[in-house]
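What follows is a set of notes on a single structure, which appears directly below.
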Amino acid sequence: MLAFDLIVTNAKSYDNMIETQINGLAHAQDLSLDIMAFTIVKQLVDSTESMLDAEANVAPWLQNLTEFASQFFKKYHSVDMLGLLTLLLHKMRDEDSYILGFVLHQLIVKLFGWSDHVINQLPANQLNVLAAGFALLLEGRNQTQQFRKNSKSSEALVSLFWDAKSDGHSKLGMRLMAHLAQQTQFILNKF
């Protein structure tokens, strides 16, 4: 456990080590990968550092931890991420901590393999490709192989959000949608 704490602490401090550390876990056993997932949650909960920097942007340590978690769960999609997602939902609900929405957003974006598009900077032919549909978009960007690589992690995320739990808990996706609706009402009523 101490070694995993050290790995995650280094990942929080040095973003250039993240990919190497993720690849170094390739020979780890399933239990070790579950312990790493627990360590990520533990580091997020126990951190006493501010989640915002001096300019009110997301702190670099949180960006690095989010990148580490995203790459970890993408590469090792069989590791259960329910603990991390449940923690994020509960903390966002209880503390009105909008900054944790950044962590949730980055996890979803990385696991599905999405990228942010800046529409104003795209040439006309790429805009036509975007308008034609998802399959043509992948072909236009030569990302069909990349999409196939992401399909396992995205399927794991979809099943985590929408499959019914045997213990009687509601679906994680429904809880997230309810939370987003509450946050929307809070924002609309406040302003």
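The table below gives the values:
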read-out: Residues that are more than 26 Å from Val158 (Cβ to Cβ) and surrounded by 17 or more Cβ atoms within 10 Å (Cβ to Cβ), drawn from the range 52-79; value: Ala59, Trp61, Asn64
read-out: Residue match in the range 22-34 (condition: crowded, with 16+ Cβ neighbours inside 10 Å and out of contact with any helix residue (DSSP H, G or I) (no Cβ under 9 Å at 6 or more places or on another chain)); value: yes
read-out: Close pairs from the range 15-35: first under 13 Å from Phe73 (Cα atoms), partner surrounded by 15 or more Cβ atoms within 10 Å (Cβ to Cβ) and of a type in the set (Lys, Arg), Cβ under 7 Å, at least 6 apart; value: Ile22/Lys75
read-out: Any helices (runs of 4 or more DSSP H) falling wholly within the range 1-117 and containing at least 1 residues that are modelled with pLDDT of 80 or more and under 26 Å from Gln183 (Cβ atoms); value: 30-46, 60-75, 82-95, 99-112
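The values are calculated or read from the model by the stated rules, or taken from the named source; none is laboratory data. Every value quoted in this text rests on a predicted model; they were computed, and no experiment measured them. Glycine gets a Cβ as well: all are built from the backbone with ideal geometry, and neighbour counts include every protein chain shown.
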